[in-house]
Every structure is written in C-alpha cells, then in structure tokens.
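Data block below; observations after.
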Amino acid sequence: MWIYGTAYPLRSVAEVISQEYDYIVVGGGTAGSALASRLSESPEIRVVLLERGPFDHSMRSRIPLASVANGGYVVSRSSIPEPRTEQPVSLLCAETLGGTSRINGMIYTRGAPAYFDTWPRSGFDWSWKSVEPYFERVEQALSLRQTSHLESAVYPFLAQSARDVGLIPEEHPNQHGSSALGYHNLDLTIDQRGYRHSALDAYLPKNVAIERQSRLHICTDAVVTRLDVDGRSGIARGVYVSPSKAEQPVQTAHLVTARREIILAAGAICTPQILQLSGIGPEAVLDGAGIPVARNLPGVGSRLSDHVLVPVSFEVAIEDSLQQLQASIMSVIKNALLYAIAGKGWLKSALDRGAFFSTSHIDDETGELRETKATGDPFDPGHLPDAEIIVLPIGLAPTKNAGRGLITLQLSLTQPGLTSTGDVAVQSLDAGQSPRIRLNMLQGEEDRRAARKALRFTLRLAEQFVFRSGYPKTARMFRHPVTDTDTLGGEWAEGSWRSVSDDSLDDYISKNMASAYHLSSSCGIGEEDEGGVVDGQLRVHGFPNLRIADASVFPTTHPAHPMASVYMVAERCADFVKERWE
C-alpha cells in the first residue's frame, strides 16, 4: 500500500506474460524508472517495466538518514576473494522500484566536464556539450537541496582545516563552470519536505503511475531469466520472465514480447548477467556455463569498475557526532521529534560535505594541495580528481564504539586503471545463481601509489583538524595506520602523516579497503574490437533493437558519485529511442 493509503498500480507476472509491448524496460531502478517514465509519455505507446524486487514505499524508506543502506529490499552480494586480501568484498544494492536511489547517500554530482570529453565517440557524441542539457533535464525532475545548518560543531573547524591544506571551498559544485576540485557543499536528492527524493518519487510517483496505468505496466517481483534473441538476424524479440515469489500463480518463465525495443537497465552486475544468460558475451564464459552462443561479444561483463573506500577517523565530543544516537535513547527521541515537527536534526541528512582532489596536485613535502585557478579548470582533462574524501559524522562500527564521538574521513579512490578492473561471469544457466564477480581492487602499482598518496593527504587533513584547527573540545586521531599495533585509537603524533612508511600504508589499505557500491563499466560504450558492448546510441553491437541504459555503459570509472550520470544516460537513451521510432 502507498503511504497515503491508496494502492500504487502494479501488475503481477501473470498479468504481463504473453503480452506484447512497444518497449520492455528490464530493471526498475534509478535508470529504469526514469526511462519507463519518459517512454510512456506518449498515450499511443505501451511500456512494461520489469523489476526484480518488491514495491515498498514506507515512511522509513523516505527519511534520509534512516533509509541509507537500509530496507527489506537491500540485496548483498559478494565478490570472489580479492588477490591482495584473500577476502571477498561485500556489495550492496537495492532491488525495488527506484533501485539504489532508495538507499544511497543521496549525493548528486555531475562530475567534471572534462571526464565526458574523454568518452569514445563510437558514432555518436558524448562530450560535455552534448550531455549537459540532459543533466539540466534531470535537475528539472529531481528535487535537490544543500544543507546550510549542520548539526555538528566540527564542520566549521573542518572546513577551515580543508582550506589550510589547499582545498578550495566550492558552494555550488554542479553549476556550469564550477571547479570539480575542492571542498564541496554537496547537492542532495532531498525534497522540500525533507524526504529522500528517489527515482520512484521523481519519475514514477503515484499520480503518474495511475494516470498511465493502461499504457505503462509496472511489474514488480519479476525475474528476467533471459532474452529471446536471434543471433543471425540480430533481433531481440522479447524477454522470459518468472515471478520471484513462490506464492504467485505462474511459476515457470514465460515470454513477453517487444514490438520495437528492449532496454536493459539492470545495473553493472545484472545487465551483463542477463546478456550472458541469453548467449551474448565472451564465448569462453558462455561455453563454461553451458549456454549456446548467440553472439560472441567479449566486452560483456569485462572492465567492471568501482570506487575503493579507505577510512580515517578521529574522535571528538559525543554531542558533535552522530554516534550520540547510539549512546543515548533520549538523543534518538529528540532527533525523531525534531525531524517530525520541523524537518530538522540528524535524521534530515548526514552526508553533506565532500572534498575532491587530484593526487598529482599534492606537494610531497608539505602534504598540501597546490591549487590555482588553472588546476581547478573543470574542462581540462589533466586536472580530473582521482580521489574524494566524504565526511561521515560517525564511525564505521557505531554499535561497537557507541560511547565515542567519531568523525570519519572516508577516502574514495575514484580513478582506478585498467589493471584494477574486474569482470562479471555467469556460472550456469540458472538466473537465480549469482554470477562470479571479480573486482581486482588496486591491483595496479600506479593505483597503489595513488592510494598511498591520497591516504597520506587524508591523514594530513585529519591531523590539521585534530592538532591545529582550534576545535575547542578534546580531539584525537582514532582509526589510522599505526606502525606497532593494529589497535584502533593507538597513539598518533602530529606529523606522522609524513613519517608513516609506505608498507604501513599498504597494509592499512589492504585491511580496510571496501567497495563504494559505485559499480560501472561492465558493458561500456565503444567499438566492438576495442572491448565495447554498445555503440554511441547505446545499442548492443549486433542487435539494433536492444539497448543498455545504466552505469554499465560508462566507458571508464566516473570520477564522482555516479547517480547523476545514470539519470543522464537514461534521459538520453529515451531520446534515442523516441527519435528512432516516434
């Protein structure tokens, strides 16, 4: 049921099987919701949106802080063990209408224009000049807000510390011409009432779903097991779909056909999985899984990329940290009331500030950034950020450290090289079996060198706050590399950012690195003989009526948070489809 008591119009698998639609959209997440909304604008068009997960729009899922990485639709997968650690990496996503826009940190970053100017043309232009209008269209649909009043007294002192180490403040990072580098006041997908504004809210709200229910069929709890494709003719005819719930009346996979096109928007893991299950992918992978080859397309599932996280924490007064919610039930009650009555308090958001920088700009002697107007030019590909520091007003194990006031500087390494990319490969014909996911985090020496440099800078920033900022309460380093012990909170003297050895940094990174859940690039735009999977209009090579519109088409790792660009790709894909058929 919808939160206001009115049913949201949904279709069961039994209601859509054996039907024919103009367009089939596979995946009702961030991209799929936007795409289905745009394609169903015309009253003459029939669209079906197939989402693997359930429908859930409870109040908890709309409260910004309470909804981060939380909900019954959160799905956890694991990579195969990483070569450096011999441990798997946990990967979270949301399988529900609206997808990961329902559980992410709500951070909306376009990214540097120069990044898009590096995208391969592959028969169509993806330069900044071409994509900027689509970001503007997204921003007309989404509610974006910045946080001016921050709950913690730490922030002003941290902002000054950021300036002291060379991070230039940027108040409006998504404006045309704004620097991609610096200490950013982040735009968040939060509406004017203080609720999370997800893809569901922006593109498929209840009023739109009801108005279009005769021509837009939204089918949840639907598993796409494979596509019906003809490799010789290059035609994608439909999709086989089965219910994810055992109690549904239909249990076997049935065909849903498309008159015009099928668009995959299932994400960087599931999109290549569906293609491979359909016989489209690397021949060796398909043979190993016992899948007949419809088209040998080696790029499917390759070059899987992610941002790598490494935390540094310092301790402050408990009242200046979100940890207070773990330490005091009265604090929980107070903040719940503040949010319910006035839309204020910790529940309204927690990820409000971030710093983007290039490790090539760091002075090795001072540990500070050498930033000028030229280095901040967002159109210069030589000055793309390769690292970010996300300010988290909490520790990474809040229940374990409930009595401590912790702030985490979450370092994110955003530009791994090709030697640090992985792949996705199906293991059998079973669509319910998770594919093998290999990440290869920081496998390249160049990436490890950049990681060490970025971590030293993060430690330098943390030291600047702890020892030099003038923060009037007690502060100390807490989670960091230490040379003689692995105990959190070990002694860390001012200047240790310089003296800590490379081996200690490498060891700390290996023990603490994690996924940012920013998976991309597993079906990239590019020429087929160069490992590309889709052309410049997002058509799968060899199949003119089969497209992909999600983060898997990014040709390289995005240097910022990917949500904004996922929306952009969906908006542009909708235009490609309309221009072709309408």
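The values are calculated or read from the model by the stated rules, or taken from the named source; none is laboratory data. The model shown is predicted, which means the values in this text are computed figures rather than measured ones. In this analysis, Cβ positions are derived from the backbone assuming ideal geometry, glycine residues included, and neighbour counts consider all displayed protein chains. Heavy atoms of the whole protein, side chains included, go into the accessibility calculation; ligands, DNA and RNA do not. Shrake-Rupley method; radii C 1.70, N 1.55, O 1.52, S 1.80 Å.
Being hydroxyl-bearing (S, T, Y) and either in contact with a Leu (Cβ under 7 Å, 6 or more places away or on another chain) or open to solvent by less than 30 Å² (accessible area, probe 1.4 Å) (or both), is that true of even one residue in region 474-490?
Step one: filter region 474-490 for residues hydroxyl-bearing (S, T, Y), giving 474, 483, 485, 487.
This time we only want the ones that are either in contact with a Leu (Cβ under 7 Å, 6 or more places away or on another chain) or open to solvent by less than 30 Å² (accessible area, probe 1.4 Å) (or both), so: none.
No, because not a single residue in region 474-490 is hydroxyl-bearing (S, T, Y) and either in contact with a Leu (Cβ under 7 Å, 6 or more places away or on another chain) or open to solvent by less than 30 Å² (accessible area, probe 1.4 Å) (or both).
Out of the residues in region 116-150 that are part of a helix (DSSP H, G or I) and free of Cβ contacts under 8 Å to residues at least 60 places away in the same chain, which is surrounded by the fewest Cβ atoms within 10 Å (Cβ to Cβ)?
Q140
Those residues that are out of contact with any strand residue (DSSP E or B) (no Cβ under 6 Å at 6 or more places or on another chain) and without any contact (Cβ under 8 Å) to a residue 24 or more places away in the chain, I need them from region 151-171; list them, please.
Hits for region 151-171 are P156, R163.
Taking D550 as meeting all but one of (1) farther than 20 Å from G111 by Cα; (2) crowded, with 24+ Cβ neighbours inside 10 Å; (3) of a type in the set (D, E, K, R), write down the number of the exception.
(1)
Here is a check on your reading of the model: is L369 touching a strand residue (DSSP E or B) at 6+ places or on another chain (Cβ under 9 Å), open to solvent by less than 50 Å² (accessible area, probe 1.4 Å) and over 21 Å from I509 (Cα atoms)? Break it down stepwise before answering.
Working: touching a strand residue (DSSP E or B) at 6+ places or on another chain (Cβ under 9 Å): yes; open to solvent by less than 50 Å² (accessible area, probe 1.4 Å): yes; over 21 Å from I509 (Cα atoms): yes.
Here the answer is yes, as L369 does meet what is asked.
Taking interchain pairs and intrachain pairs at least six residues apart, which have beta carbon atoms under 8 angstrom, with the first residue in region 453-465 and under 21 Å from Q415 (Cα atoms) and among the hydroxyl-bearing types (S, T, Y) and the second open to solvent by 10 Å² or more (accessible area, probe 1.4 Å) and at pLDDT below 95?
Between residues of region 453-465 that are under 21 Å from Q415 (Cα atoms) and among the hydroxyl-bearing types (S, T, Y) and residues that are open to solvent by 10 Å² or more (accessible area, probe 1.4 Å) and at pLDDT below 95, there is no close pair.
Which condition from (1) open to solvent by 20 Å² or more (accessible area, probe 1.4 Å); (2) free of Cβ contacts under 8 Å to residues at least 40 places away in the same chain is the one that R438 breaks?
Result: R438 passes all but (2).
For region 482-582, which helices (runs of 4 or more DSSP H) that fit wholly inside it have 3 or more residues that are closer than 28 Å to P81 by Cα and not β-branched (V, I, T)?
Output list reads 502-512.
Taking Y240 and the conditions (1) of a type outside the set (G, A, S); (2) open to solvent by 10 Å² or more (accessible area, probe 1.4 Å); (3) within 27 Å of H197 (Cβ to Cβ), which numbered condition does it fall short on, given that it satisfies the others?
(3)
When residues of region 326-345 are filtered for being touching a Phe, Trp or Tyr at 6+ places or on another chain (Cβ under 8 Å) and within 16 Å of A153 (Cα to Cα), how many remain?
1
If we only count strands (runs of 3 or more DSSP E) wholly inside region 32-107, which ones have 3 or more residues that are modelled with pLDDT under 95 and among the β-branched types (V, I, T)?
none
Of everything in region 10-31 that's β-branched (V, I, T) and open to solvent by 10 Å² or more (accessible area, probe 1.4 Å), which residue is modelled with the highest pLDDT?
T30
Based on this model, can you work out whether S501 counts as more than 22 Å from the chain's Cα centre (by Cα) and surrounded by fewer than 24 Cβ atoms within 10 Å (Cβ to Cβ)?
Yes, satisfied.
Please specify each residue of region 195-230 satisfying the condition of being β-branched (V, I, T) and either surrounded by fewer than 22 Cβ atoms within 10 Å (Cβ to Cβ) or assigned to a helix (DSSP H, G or I) (or both).
If the condition is that a residue be β-branched (V, I, T) and either surrounded by fewer than 22 Cβ atoms within 10 Å (Cβ to Cβ) or assigned to a helix (DSSP H, G or I) (or both), then V208, I210, V223, T225 are the ones that fit.
Could you give every pair whose Cβ atoms fall below 7 Å, whose first residue belongs to region 7-19 and is farther than 9 Å from V256 by Cβ, and whose second residue is modelled with pLDDT of 95 or more and basic (K, R), counting only separations of at least 6 or pairs across chains?
Going by the 7 Å Cβ cut-off, the qualifying pairs are Y8/K206.
Among the numbered criteria (1) without any contact (Cβ under 8 Å) to a residue 40 or more places away in the chain; (2) open to solvent by less than 50 Å² (accessible area, probe 1.4 Å), which one does G524 miss?
Of the numbered conditions (1) without any contact (Cβ under 8 Å) to a residue 40 or more places away in the chain; (2) open to solvent by less than 50 Å² (accessible area, probe 1.4 Å), the odd one out for G524 is (1).
With assigned to a loop (DSSP other than H, G, I, E, B) and more than 16 Å from the chain's Cα centre (by Cα) as the only criterion, which of P398, P416 stands out?
P398
I need every pair where a residue in region 300-311 that is more than 29 Å from S278 (Cβ to Cβ) and at pLDDT 95 or above has its Cβ under 9 Å from the Cβ of a residue that is outside any loop (DSSP other than H, G, I, E, B) and of a type in the set (K, R), sequence separation at least 6 or different chains.
Final answer for the pair search is P311/R479.
Among the residues of region 318-355 satisfying the criterion of being in contact with a strand residue (DSSP E or B) (Cβ under 9 Å, 6 or more places away or on another chain) and of a type in the set (S, T, N, Q), which is modelled with the highest pLDDT? Working first, answer last.
If we filter region 318-355 for residues that are in contact with a strand residue (DSSP E or B) (Cβ under 9 Å, 6 or more places away or on another chain), which is where we start, we get 318-324, 327, 348-355.
Remaining after also requiring of a type in the set (S, T, N, Q): 321, 323-324, 349.
On the way: S321: 94, Q323: 91, Q324: 90, S349: 77.
Across region 318-355, the extreme among qualifying residues is S321.
Can you say whether F478 is under 30 Å from A114 (Cβ atoms) and in contact (Cβ under 8 Å) with a residue 12 or more places away in the chain, as far as the supplied structure shows?
Judged against the criteria, F478 is not a match.
Given the conditions (1) surrounded by 16 or more Cβ atoms within 10 Å (Cβ to Cβ); (2) assigned to a loop (DSSP other than H, G, I, E, B); (3) polar (S, T, N, Q), which single one is not true for T408?
(2)
Which one is least open to solvent (accessible area, probe 1.4 Å), of the residues in region 53-101 that are of a type in the set (D, E, K, R) and touching a strand residue (DSSP E or B) at 6+ places or on another chain (Cβ under 6 Å)?
The selected residue is R62.
Are there any pairs, at least 6 apart or on different chains, whose C-beta atoms fall under 8 Å, with the first in region 219-240 and closer than 24 Å to Y8 by Cα and the second surrounded by 18 or more Cβ atoms within 10 Å (Cβ to Cβ) and among the polar types (S, T, N, Q), and if so, which?
T220/T96; A222/S242; V223/S242
Taking the conditions exactly as written (in contact (Cβ under 8 Å) with a residue 24 or more places away in the chain, more than 20 Å from the chain's Cα centre (by Cα) and surrounded by fewer than 19 Cβ atoms within 10 Å (Cβ to Cβ)), does R468 satisfy them or not?
Yes, satisfied.
Among the residues of region 277-292, is any open to solvent by less than 20 Å² (accessible area, probe 1.4 Å), within 28 Å of M513 (Cα to Cα) and of a type outside the set (V, I, T)?
In the first step, residues of region 277-292 are kept if they are open to solvent by less than 20 Å² (accessible area, probe 1.4 Å); the result is 277-281, 286, 289, 291.
Still in the list and also within 28 Å of M513 (Cα to Cα): none.
The answer is no, given that none of the residues of region 277-292 is open to solvent by less than 20 Å² (accessible area, probe 1.4 Å), within 28 Å of M513 (Cα to Cα) and of a type outside the set (V, I, T).
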